[in-house]
Amino acid sequence: MKESTIMKIHYGTALASVGLVAVHILMRLTTGFSDSLSYENVLANYQSIPYVIMLELILILLAVHGFNGLRVILLELKQGRVYEKAVSYGCVVGMIVLIGYGSNTIIQTNMGMI
């Protein structure tokens, strides 16, 4: 993939993340911050499908943005075909693991398993 495409993905995920995290914070402020962190309110949030979708999107956007940024940093440290492939594949695997773990938590909580 071309570097300009990778940077467009990086900028796009940053902008989308800022927007969704702002909405997430505003939602927390509508009920009072300390009340929004009570166990019952947190579980109620996970029962709301639109809220769960927003959390999943935030998770995916931040994982893509973070691992893409890590990849760029690591590629600046050292060059070489094998190294670059290892870093790229390692970041993709890390991203998938993080999204899988976070999604598992969201799904289990939504289904009442936690």
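Summary of values
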item: In region 17-91, the trypsin sites (Lys or Arg not before Pro) that fall in loop regions by DSSP, at most 13 other Cβ within 10 Å; result: K78
item: Selected from L75, I58, I25, residue furthest toward positive end of dipole (the chain; charges at beta carbon); result: L75
item: Helical segments meeting 24 Å axial Cα length and Kyte-Doolittle 1.6 threshold in the chain (DSSP H); result: 49-77
item: Contour excess over end-to-end distance, with Cα ends at L26 and I96 and 0.36 nm allotted per residue; result: 22.4 nm
item: Highest-first arrangement of 89-96, 55-62, where packing means the average Cβ count within 10 Å; result: 55-62, 89-96
item: Estimated inter-spin distance, D35 and E3, nm [label 7 Å along Cα→Cβ]; result: 5.2
item: Relative contact order [Cα under 8 Å, 6+ residues apart], region 3-110, whole percent; result: 35
item: Net dipole in debye of region 3-110 [+1 Lys, Arg Cβ; -1 Asp, Glu Cβ; about Cα centre; nearest 20]; result: 380
item: Spatial separation of Cα centroids for region 1-28 and region 60-96, in angstrom; result: 17
item: Whole-percent carbon and sulfur share, accessible surface of the chain, 1.4 Å; result: 73
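The values are calculated or read from the model by the stated rules, or taken from the named source; none is laboratory data. Source: prediction; values computed, not measured. For neighbour counting, all protein chains shown are included, and Cβ atoms are generated from backbone atoms with ideal geometry for every residue, glycine included. Note: areas computed on protein heavy atoms with side chains; ligands, DNA, RNA excluded. Shrake-Rupley method; radii C 1.70, N 1.55, O 1.52, S 1.80 Å.
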